[in-house]
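S.K.: Pasting a structure below so you can have a look.
Any read-out appearing in this document is the output of simple, stated calculations on the displayed coordinates, not a laboratory observation. Keep in mind it's a predicted model, so treat the numbers as computed, not measured. Positions of Cβ are generated from backbone atoms using ideal geometry, with glycine treated the same way; all protein chains shown enter the neighbour counts.
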Amino acid sequence: MADSTATRVANLYVHVPFCAQKCVYCAFYSEASSGELVNRYVAALIRELEIVAGDLKPKTIFFGGGTPSLLNLRQWEQILRAMEKLNLLGAEEFTVECNPATVSSDKAKLLRDFGVNRVSMGIQSLDEKLLDRLGRIHSREMAFKSFDILRSAGFDNLNLDLMFAIPTQTMEIWRATLVEVAAMQSEHLSSYEVIYEDDTPLFAQMKAGEFDVDENLSCEMFEELVTSATRAGFQQYEVANFARDGREGVPPSLKSGSPTQRPSQVQIPSLACKHNVNYWRGGSFYGLGPSATSYVRGVRTKNWSNTQLYCEQLENGKRAIESTEELPPLRRAGETAAFGLRMNAGWPFSEFQRVTGYDLRREWSAEMDQLTERGWGNISSDNFQLTPQGLRFADTAAEMFLR
Ligand SMILES: C[S@@+](CC[C@H](N)C(=O)[O-])C[C@H]1O[C@@H](n2cnc3c(N)ncnc32)[C@H](O)[C@@H]1O
Ligand code: SF4
């Protein structure tokens, strides 16, 4: 294991596999919790942190799930104190995902005191009927209240997570949610179109013909999202992610994609999620907790998606790894290209070469030409990026780069 600070991994993800109740659309690995299993998980996670700590110097930390905010004060304190002892605190960006129903001022204060400086809150919608439809445990009032609690605890970097193209959601309802969200003045916004994941109740309902999926309406809702977020002062920097730019002294033309700006000059806003930017840019990261993936120096490992088994393995002093994969370099570079193209900034050729060792213009020139001809891509002397239309179909475009 490397021991020099310069080569240590700078990004840490921790998966918390518990939710109060499963939402009808969600395929993330999580389950309704029993207190005993959560305590066992906390102890196992601390073991896993101890095992990898020597190879970590976190610049970004992200606790996701599941519902990290479901852990109680004592459990959080145990984890954070262990991280403090292992010298893992002090990250530039430390995010915790919260469900609005499980935010309290005591928890917010504890997190803040230990250096958590960003919270991502899953509000999904501000329409009461849709929240019910999705199986959410929170109400619209809770979303506003929890947002205020977080602000009062001193969080000045908040993300709100939304979903669109929810069955029965009309354009009027979507617009109303977007207007109310803009008024909340968060620093960041993520919004995904509903994905019909296998083995979820929502997927079964769709298969049973309980509602129609209207692709045109989904496209219009995505356009509405981009327009409304831009009007509210956000800059889109990835297909589904929008952030404010808090930098002072940056000319407006460089801040938010003005018409005079050359496409290759698109900058990533300063309040973008640095942790996710590292994923999209093909960087290394440790992923701890059940089901989490790590990607460290070209090797991808995946932990067991089974909390009992995860705990058992760590109780026996082993990391709970289910699979290890070392991708051939060209395949890895193709995946890195595909991920990075989800970002509005696309890929500066020099950066792609630095990260992967490959020249995008040499290996993928036919694909870039094809996308450019279709109006989905934009190529310049130093950069390739998707156009707004290409970003709408980013998954299809990205697939072309996989080898
Ligand atoms: C782990 S959850 C966020 C934190 C917390 N568990 C919650 O839901 O409040 C991550 C986000 O992924 C999105 N998501 C999950 N499943 C999805 C699906 N099937 N389609 C679209 N978005 C989904 C939701 O917006 C959700 O907020
Ligand atoms: S969306 Fe969030 S709260 Fe709902 S089941 Fe998934 S992880 Fe849990």
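S.K.: Quick check: the distance between the Cα centres of region 130-164 and region 183-204, to the nearest angstrom?
M.R.: That distance is 13 Å.
S.K.: Still on this structure: Report the full-extension gain for the segment I195 to T170: residue separation times 0.36 nm, less the Cα-Cα distance, to one decimal in nm.
M.R.: Numbers: separation 25, 0.36 × 25 = 9.00 nm, distance 1.72 nm.
Extending this stretch completely gives an extra 7.3 nm.
S.K.: Determine the distance separating the Cα centre of region 27-97 from the Cα centre of region 288-308; give it in Å without decimals.
M.R.: For region 27-97 versus region 288-308, the Cα centre distance is 14 Å.
S.K.: Continuing with the same structure: Can you list residues from other chains, or at least 5 along the same chain, whose modelled amide H is less than 5 Å from the amide H of V14?
M.R.: Hits under the 5 Å cutoff: F62, F63, G64, L288.
S.K.: Please compute the net charge surrounding R81, taking Lys and Arg as +1 and Asp and Glu as -1 over other residues with Cβ under 14 Å from its Cβ. Provide the component values of the computation, followed by the final result.
M.R.: Details: positive: R74, K85; negative: E50, E77, E84, D113.
Neighbourhood net charge equals -2.
S.K.: Over 24 Å between C-alpha atoms is what I'm after, so list which of K85/K318; K274/K302; K22/K207; K22/K85; K85/K109 land there. Intermediate results must be reported in sequence, preceding the final value.
M.R.: Numbers: K85/K318 21 Å; K274/K302 22 Å; K22/K207 19 Å; K22/K85 34 Å; K85/K109 20 Å.
Where the Cα-Cα span goes over 24 Å, the pairs concerned are K22/K85.
S.K.: Another question, then. Rounded to the nearest 0.05, what FRET efficiency is calculated for S104 and Q21 with R0 set to 25 Å and r the Cβ-Cβ distance? The partial results should precede the final answer.
M.R.: Numbers: r = 18 Å, r/R0 = 0.73.
Efficiency, from the Cβ-Cβ distance: 0.85.
S.K.: So what is the 222 nm mean residue ellipticity for the chain from helices alone, if each DSSP H run of at least 4 adds -39500 (n - 2.57) and you divide by all residues, rounding to the nearest 500 deg cm²/dmol? Before the final figure, lay out the partial values.
M.R.: Values: 17 runs with 161 residues, N = 403.
-11500 deg cm²/dmol, from helical runs alone.
S.K.: Taking a point 7 angstrom from the Cα of E210 along the C-beta vector, which residues in region 11-28 have backbone N less than 17 Å away?
M.R.: 22-27
S.K.: Right, another one. Can you work out the FRET efficiency for the pair E373 and E84, with r the C-beta to C-beta distance and R0 = 56 Å, to the nearest 0.05? Display every interim value, and only then the final one.
M.R.: Values: r = 55 Å, r/R0 = 0.98.
The pair E373/E84 has a calculated efficiency of 0.55.
S.K.: Note down the relative contact order for the chain as a percent, whole number, built from C-alpha pairs under 8 angstrom at least six residues apart.
M.R.: 15 percent
S.K.: Which of the aspartates and glutamates could a cross-linker span from K129 if the Cα-Cα distance has to be under 20 Å and same-chain partners fewer than 8 positions apart are dropped?
M.R.: Cross-link targets: E141, D161, E172, E180, E193, E210, D212, D214.
S.K.: In nanometres, what is the gap between the two model label sites at T396 and E36, each 7 Å from Cα along Cα-to-Cβ?
M.R.: If labels sit at T396 and E36, their model points lie 5.2 nm apart.
S.K.: Now a separate question. Pick out the long, greasy-scoring helices in the chain: whole DSSP H runs spanning 27 Å or more along their own axis by Cα, mean Kyte-Doolittle at least 0.0. Please report the intermediate quantities before stating the final value.
M.R.: On the way: long enough: none.
For the chain, where a helix must reach 27 Å along its axis and average at least 0.0, there are no hits.
S.K.: Give the order of E373, E322 when sorted by the count of other beta carbons within 10 angstrom, beginning with the fewest.
M.R.: On the way: E373 9, E322 15.
Going from least to most buried by this count: E373, E322.
S.K.: What is the distance in Å between the Cα centres of region 350-374 and region 225-239?
M.R.: 27 Å
S.K.: Turning to a different aspect of this structure: Given points 7 Å out from each Cα along the Cα-Cβ axis, report the S350 to S152 separation in nanometres with one decimal.
M.R.: Using points 7 Å along Cα→Cβ, the separation is 5.0 nm.
S.K.: A further question follows. Using a 10 Å cut-off around each Cβ, can you sort T307, T293, T102 from fewest to most neighbouring Cβ atoms?
M.R.: Numbers: T307 25, T293 16, T102 19.
Least to most surrounded, the residues fall as T293, T102, T307.
S.K.: Around S365, with a cut-off of 13 angstrom between Cβ atoms, what is the net charge of the other residues, counting Lys and Arg +1 and Asp and Glu -1? Working shown, then result.
M.R.: On the way: positive: R361, R362; negative: D359, E363, E367, D369, E373.
Net of charged neighbours comes to -3.
S.K.: A further question follows. In percent, what relative contact order does region 1-142 have, based on Cα pairs under 8 Å that are 6 or more apart in sequence? Numbers along the way, then the final one.
M.R.: On the way: 221 pairs, mean separation 36.7, N = 142.
So the answer I get is 26 percent.
S.K.: For region 115-244, what relative contact order do you get, as a whole percent, if you take Cα pairs closer than 8 Å and at least 6 residues apart?
M.R.: Numbers: 149 pairs, mean separation 32.7, N = 130.
Relative contact order comes out at 25 percent.
S.K.: Viscosity 0.692 mPa s, temperature 37 °C: give me the Stokes-Einstein translational D for the chain in µm²/s, with Rh taken as the Kirkwood radius over C-alpha pairs.
M.R.: Working: Rh = 22.2 Å.
For the chosen part, D equals 148 µm²/s.
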